[in-house]
1. Looking at region 7-26, I want the residues that are touching a residue at least 24 places away in the same chain (Cβ under 8 Å) and have a partner that is of a type in the set (Lys, Arg) with Cβ atoms under 8 Å, at least 6 apart or on another chain. Which pairs are those?
2. Of all the residues that make up region 239-265, how many are crowded, with 24+ Cβ neighbours inside 10 Å and within 16 Å of the ligand (Cβ to nearest atom)?
3. Take Glu188 and decide whether it is surrounded by 24 or more Cβ atoms within 10 Å (Cβ to Cβ) and assigned by TED's automatic domain parsing to the domain that holds Phe132.
4. Restricting the search to region 373-401, which residues are open to solvent by 10 Å² or more (accessible area, probe 1.4 Å) and within 13 Å of Glu310 (Cα to Cα)?
5. Out of curiosity, is Tyr39 within 21 Å of Phe256 (Cβ to Cβ) and hydroxyl-bearing (Ser, Thr, Tyr)?
6. Residues being assigned to a loop (DSSP other than H, G, I, E, B), more than 16 Å from the ligand (Cβ to nearest atom) and under 26 Å from Thr368 (Cα atoms): count how many of those fall in region 165-205.
7. Return the residues of region 332-347 that are surrounded by fewer than 18 Cβ atoms within 10 Å (Cβ to Cβ) and at negative phi; say none if nothing qualifies.
8. For residues that are open to solvent by 10 Å² or more (accessible area, probe 1.4 Å) and not hydrophobic (A, V, I, L, M, F, W, C), scanning just region 127-137, find the one that is nearest to the ligand (Cβ to nearest atom).
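The values are calculated or read from the model by the stated rules, or taken from the named source; none is laboratory data. Just so we're clear, the structure is a prediction, and the values are computed from it rather than from any experiment. Methodologically, a virtual Cβ is constructed for each residue, glycine included, from the backbone with ideal geometry; neighbour enumeration extends over all protein chains shown. The accessibility values were calculated without ligands, DNA or RNA, using every heavy atom of the protein model including side chains. Shrake-Rupley method; radii C 1.70, N 1.55, O 1.52, S 1.80 Å.
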Amino acid sequence: MQTNRELFDHVMVPNYNPSEVIPVKGKGSRVWDQKGDEYIDFAGGIAVNCLGHCHPALVNALKDQGEKIWHLSNVMTNEPALRLAKKMTDATFADKVYFANSGAEANEAALKLARRFALDKHSEDKTQIIAFNKGFHGRTFFTVTVGGQAAYSDGFGPKPADIAHCDYNDLAAFEALISDNTCAVMMEPLQGEGGIICPDLEFVKAVRALCDKHHALLIFDEVQTGVGRTGDLYAYQGLGVTPDILTTAKALGGGFPIGAMITTTDIAQHLKIGTHGSTYGGNPLACAVAEAAFDTVNTPEVLDNVKRKEQLFRDGLQAINDKFNVFSEVRGKGLLLGAVLNNDYTGRARDFLVASTNNGLMALVAGTNVVRFTPSLVISDEDIKAGLARFELAVADVVNG
Ligand SMILES: *Cc1c(COP(=O)(O)O)cnc(C)c1O
């Protein structure tokens, strides 16, 4: 059987348009395709592979658990899930954990919990959910409707009701929207898919204060920012603003699918027995790998290095820009960085992505105007330098047509 890009068009639903390149092997921040061509990975499977490919700690956890027990369902709990939950609550504001399989599922749980909480504790009218334009929260119908991109949520018939949006960092607009009927506010503490948009600290603090004033729950979607990505274990810790509910996925499993919603005891008690669930949530294999990822990332050594490596990226991108003048700015935090194209290259992020692939570099876009980098948190300095050299070749290709 020829397992090539052509087969994709024959057997796959056409909702994606993947590259011609089909990777077959990865080690650290290097990846090899079917032809044996090698790539440096600045994409990290969209901020998922926080420890690169086939990190020994994760491989060992998977092998170990793989020879013990794979799956039980929620009729019985299991040791890896309990250990991981304990570590997550020890390391964060939260007391309780709900395990899911993806970011969207973690957010779905958070939104349903917020609606329950408001119904139980306040009134039937307290159902409004406020979120932000350009926000991204996943692709279930509830989460995609809460997300602030109509292109993703339109065309599927009637949407879940009472969801409102305003611009990120626009405090006046937010203040005009929130009321005692607001049940929850869902936000990314740094917008990822929407274009690597950093929050103003004053804005986040004011959102927290207004949520308190109106008894609305503040939900931080840390699916992309969480587990070391910004140089803190969770981005809320770097901001000094604590949410009521936090969702985490992507890097949590280091490449194994898992998501989680974490919250306080007081809020958690509203998801009573039977109110929500998932067949695979808390699966022992997923939790064993996630535990190893969590242990490895949640160390000063890894987290401090994320901040240092951010500077390597910024310096390297600045040097490229000094030569080619293609970016208006580099924004983001830690190893969640976006190079914003200037007016001469508006809308051409995909061209830079394709040119990167042609030069042996895996990169990402965030919208049509931002080239996004979300490499392994433990990528070596040499790989960063070598990858940036390839990116420079890609930029030259685009600039020279
Ligand atoms: C990727 C992402 C999601 C969705 O996660 P899935 O695992 O694809 O469901 C939700 N929120 C944010 C902020 C994300 O970056």
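1. Once the first residue is touching a residue at least 24 places away in the same chain (Cβ under 8 Å) and sits in region 7-26, its partners that are of a type in the set (Lys, Arg) give Ser19/Arg5.
2. Qualifying residue count, region 239-265: 16.
3. Yes, satisfied.
4. If the condition is that a residue be open to solvent by 10 Å² or more (accessible area, probe 1.4 Å) and within 13 Å of Glu310 (Cα to Cα), then Val378, Ser380, Asp381, Lys385, Leu388 are the ones that fit.
5. no
6. Count: 4.
7. Listed by number, the residues that qualify are Asn342, Asn343, Asp344, Thr346.
8. Restricting to residues being open to solvent by 10 Å² or more (accessible area, probe 1.4 Å) and not hydrophobic (A, V, I, L, M, F, W, C), the top hit is Lys134.
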